[in-house]
Amino acid sequence: MQHIKVNVDGTTYQKEVEPRTLLVHFLRNDIGRVGTVIGCDTSNCGACTVLVDGVSMKSCSMLAVQADGTEITTIQGVSDGNEWHPVQAAFKECHGLQCGYCTPGMVISSIDLLKENPNPTEAEIREGLEGNLCRCTGYHNIVKSVQHAAELMQGAKS
C-alpha cells in the first residue's frame, strides 16, 4: 500500500492505495466521485476524463499514486454548486448529449480545450475532442455545444 494525498473537487483526501489502482477506480470506489464514469478501461473512449492540475487526463490511464499531490477536478466539481459551468449549460441548451455516458468526459475535455483556445473553429473543436468517443450523437450537437460555450464564456469575460 502507498499513501497518497490529493485534492479532489476542493476536498483533500489522504488514503492508502494499492500502487496498481487506477485513478478512475480510486475516484469512484475510494472517494465516491461516481460522476467519473468507466467506459472502456483502455483509454480509448475518454468518458473517464478529469482535470489533473488543470489539464485533461483519462483517469483510466493514470495510476492513483501518480496523482499524489495534485488537484483533480471531476465533472462533479466543475460547477460552483449553484450554477452550472457554461460548458455544462451549453451541452444542455444545444442538446450535446443523448445517453449521457460520454458527457462527463466531453465536458471536461471541452473545458480544457476552451481554456487553451477560447474561440476555436469547428475543426479545432473536433480535433480537441478527438480522444472522446460518443456512440449516439454523431458529434454535430457536441460541436455546437462547445461553440456556444465559447460564446457564453466570452460574454462572461466582457
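Site-free segments of the chain were taken between trypsin sites (Lys or Arg not before Pro) in DSSP loops having at most 11 other Cβ atoms within 10 Å, sites themselves excluded; the longest one is 21-134. For Gln2, the residues whose amide H sits under 5 Å from its own are Val17, Glu18, ignoring neighbours fewer than 5 places away on the same chain, with H placed 1.01 Å from N. Placing a pseudo-label 7 Å from each Cα along the Cα-to-Cβ vector at Trp84 and Arg135 gives an inter-label distance of 2.3 nm. Computed from the Cα positions only, the extents of segment 86-157 along the three principal axes stand at 33, 22, 17 Å, in decreasing order.
Taken one residue at a time, the phi angles of segment 20-34 give Karplus couplings (6.51, -1.76, 1.60, θ = phi - 60°) of 8, 5, 6, 4, 4, 6, 4, 4, 6, 8, 8, 10, x, 8, 7 Hz. Gly and Pro are set to x. Model label sites at Asn119 and Tyr13, defined 7 Å from Cα along the beta-carbon direction, differ in position by 4.0 nm. Counting only alpha carbon atoms, the long axis of helix 103-116 and the longest principal axis of the chain meet at about 70°.
Quick one: Debye curve from the C-alpha atoms of segment 2-77, no solvent, what's log10 I(q)/I(0) at q = 0.15, 0.25, 0.26 Å⁻¹? Values, matching the q order: -0.40, -1.21, -1.32.
Where a number appears in this text, it was derived from the coordinates with a stated rule and is not lab data. All of these numbers come straight from a predicted model, not from anything done at the bench. All Cβ positions, glycine included, derive from the backbone under ideal geometry; neighbour counts span all protein chains shown.
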